[in-house]
Every structure is written in C-alpha cells, then in structure tokens.
Amino acid sequence: MSRAIRPTAVYLIGARGAIATSVAHGVAGLSAGSLPPVGIATAMPPLDAALGCAPFESLVLGGCDVRAGALATAELHAAGILPAALVASAADAVTEYMARLEGGLLDVPPGTESAGGALERGAGGGELHPETAELAGMSPRARVDRLIQRLGAFREACGAEHLVVVNLASVEAQVPNHAALESLKAFEAALDAGVELPASTLYAYATFKAGGAFANFTPSPGAEPPALRALAEQVGAPHCGCDGKTGETLVKTALAPMFAHRALKVMSWVGYNMLGNRDGAVLNDPEHKQAKLDNKDAALRSILPDPALFSHVGIDYVPSLGDWKTALDFVHFEGFLGTKMSLQFNWVGSDSALAAPLVIDLVRLCELALRRGESGVMHHAANYFKSPMDGGTHDFHEQIKLLHDYAEGVAKGREA
C-alpha cells in the first residue's frame, strides 16, 4: 500500500446491483493502476494532496443483497459499460468480493404489510438469498443484533481499522412519519416491541453500534431521522446522505444558479426521466417513486424559490434502456423586455458509471472522517446528494466550495 494505512472494510448494501458491481470492478482497476481515476474528485488536484484519503488498494469490499446469484457484470459489459479487459483483470478481486456477500434486509414499511408481501416486493426480481428470508422471520431487534455481529466480523476478517457502510439498495417505499424515528429512546423501544421499521434505518443503527460510518446513497431514511442522528452523535460516528446526485439533478443544480445570478425569471422547468435498470423497475411502483421525485424537485425550488415557478419531474421505467438513463429538460424563462426564451438539454448517461466514482469518493471521505475522529453529519459531502442532510444550499458551486474549504482545513491541521 502506498501509505501506512490499514485496510478499510467497505460494506455495500445492494451489493449485487449495477452500481456496486461497477464499484467492485472500479476499485480493482484503480488498485492495480490499470484504470484512471476519472470522476473521482478526491483523487484529483488539489483535493488529493489536501485530503490525503486512503489509497484505493486499502479498500476491502463486501456487503449484502436481498438477492442471490451473479453480479450485474454481464449486463454492464453487454451495455458497453464494463470493458472486457477490466472484467478479465478484476476477475480474482471480484470473486473474493462475492465470497464476502451476505443476505440483506427487505424493504418492510412500518406496519403496512406482511413479511410475505415484503418478500415478493423486496426481491425486485431474481432469486432471494437464503439469509434474506431468514432475516425476514426474525424480530427487528434480532435483525439488528445479527447486523451488528456481521459488521464486526467483516471488519475483523478484513484486518481493518475502520468500517464504512454505503446504502446502494433500491429506494424504499415512502412511509408516513413514524413516532419511533423521532428519538433514540423511542426507536430502541420500538425495536424491543417488535415494531417494523424501514430497513435503511436498521442498517444505519447497526453501523453506528458497530463503530462505522454510514453513507446513504438512496432517498430512503437511513440515518436522517432524529433517532439515528442522536445515536451517531452519542457514539461519535460520521455519516452523510441522502440520494446520490448523478445526472439530471446534478445538471439542474449547476445550471439553476446561472439563472438566479443573471436575474432571469424562470417560469417553467419540466424534466422527464427514463431509466431501465433494477432501480427503474422499483421506481415504477408509485410508493417507491415519490421519494425520488420529491428530492429532484426540492433541489430546484431551493435555488429558484419563486412561488410562481411551474416545475414538474417525471420518471418512467423503460426496460430496453438497461443501465442507461435519459433525461429531457425544458426550461422556459423570461429575460429583459419580457422576452420569452428557452433552454433545452438532453442528458444520456450510464447510471452506474456516473454513480460508482461518487461512491468511491464517499467511502474515502468517510474513512478520513473516522481517522480524524469526526462525528455527525458530513456537511462537506453535500455536493454528492440531491437532498443533503441538514439542508443548506443546493447550489452545486457553493457545495463544491464547502468540500474545498474542508480539504484546506484538513491540510492545515496536518501541517500544524
């Protein structure tokens, strides 16, 4: 390893999905020096030198998934996303990664459906992992205890100093505010009483209890509710989220400030999204889709708060697209003299190729936060998310400044 840093145990939730598959191959290529770190901001000047993040070869990947079977390697290669040379060179590392995968928790909204219904929906297609059904039959407290034991065993097996858990699972169904999420005492009482809680919150709870950092790349609750934030502060755990900002919303949060700074009146901003992978299939369910829609629209309205602004976001599942997603946006705005003008853009990208480098960045930032003894919300990671925790600006340029200011502080602290 290029630095005297012990291995970092990286536990991916949704570990057989397309994003995790891309992360596994990407880390293998980066570690071998055969893949350039394109899209990984923490590996580029000036952040690389200022931050001093853990080297790629120190990252040991494992995780869990509700499904059994193969990774998404074949589909990603067929789609032109994973090059044949990388698939071949990363084969041994990916095999080792797969040997570390376990069964995951199902999306079980609080008190809204039976375990059987959750089994059918949580699989999202494909054969369930045997451990997934076993976990579904346990009480919430027993599930959490099993997760804590697993995470501790994973870190020990890796010989790792630090544990980072990243939620890459498909978005959970949106549920009403639950009293058990409002305080740590209520949350733990609910666990003991057998109350069903969102799977993402159980993962966050177990991560903090196991001494790890948690990054929520999904719109699911994760560590965002007050109960989990309180636990993170209590045990001194860093965390960040929510909902990775990879495509259309990234463009929106970079472009919308331009209209605001030029005092141009945006009258309408309409976006239409098409995606075809497993996440697209899950988002085809209205209960799962709404959380994603809310995050995509909230970012725009934060930058352009005019109540007269008409905005709309649509998401449709188009199976033939596979891992590729397309966004079509139309911006209708008014300039000087009342002149009506428009901007239109078409964003076509691979969901996994866009997301994977962000995940790697977040893993390295989480490990750095653990190494520095930081705890609570990682505000400097806001640019990676559609709905950054604790709010703040959605302006991408301002968010990037937060990261650079943080890096400058890290560098100065190292020099002191």
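Laid out as a table, the results:
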item	result
Shape call, segment 295-416: gyration tensor on alpha carbons, a/c limit 1.5	oblate
Magnitude of the charge dipole, segment 186-243, Cβ model with Lys/Arg +1 and Asp/Glu -1, debye to 20	140
Listed peptides 217-228, 339-350 by packing density, highest first (mean Cβ within 10 Å)	217-228, 339-350
At 0.890 mPa s and 25 °C, Stokes D of segment 202-243 from Kirkwood alpha-carbon radius, µm² per second	251
Surface share of carbon and sulfur [accessible, 1.4 angstrom probe, percent] for the chain	57
Per-residue [θ]222 nm for the chain (sum of -39500 (n - 2.57) over DSSP H runs n ≥ 4, rounded to 500)	-14000 deg cm²/dmol
Within the chain, percent of DSSP bridges classed antiparallel, to nearest 5	40
Gyration tensor (alpha-carbon) shape descriptor, segment 167-274, a/c threshold 1.5	prolate
Net charge, G376 excluded, C-beta distance under 10 Å - Lys, Arg +1, Asp, Glu -1	-2
Candidate residues L337, L328: accessible-area rank, largest first, probe 1.4 Å	L337, L328
Probe 1.4 Å, protein heavy atoms only - accessible area per residue of the chain in square angstrom	40
D92 - accessible surface, heavy atoms, 1.4 Å probe, Å² rounded to 10	120
Solvent accessible area, Å² - K412, 1.4 Å probe, full protein context	120
Too-long pairs where the Cα-Cα distance tops 29 Å, listed order kept, from K245/K265; K252/K340; K185/K401; K209/K412; K252/K401	K185/K401; K209/K412
Sequence-distant residues sharing a close amide H with E172 (under 5 Å, placed H)	S220
Net charge over other residues, Cβ less than 14 angstrom from the Cβ of T393 (K, R count +1; D, E count -1)	+1
Dipole-positive endmost among P319, A382, G349 within segment 295-416 (Cβ charges, Cα centre)	A382
Top positive-direction residue, dipole computed over the chain with Cβ charges, set P45, G271, H332	P45
Solvent exposure, largest accessible area first (probe 1.4 Å, DNA, RNA and ligands not counted), of L12, L370	L370, L12
Using θ = phi - 60° and Karplus 6.51 cos²θ - 1.76 cosθ + 1.60, couplings along segment 38-51 (whole Hz; Gly, Pro as x)	5, x, 9, 5, 5, 9, 10, x, x, 5, 4, 6, 5, 7
Prolate/oblate/rounded call for the chain, Cα gyration tensor, a/c under 1.5 rounded	rounded
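The values are calculated or read from the model by the stated rules, or taken from the named source; none is laboratory data. Computed from a predicted model, the values in this text were never measured in an experiment. Backbone-built Cβ (ideal geometry, glycine too); neighbour counts: all protein chains shown. SASA here: full protein model, heavy atoms, side chains in, ligands and nucleic acids out. Shrake-Rupley method; radii C 1.70, N 1.55, O 1.52, S 1.80 Å.
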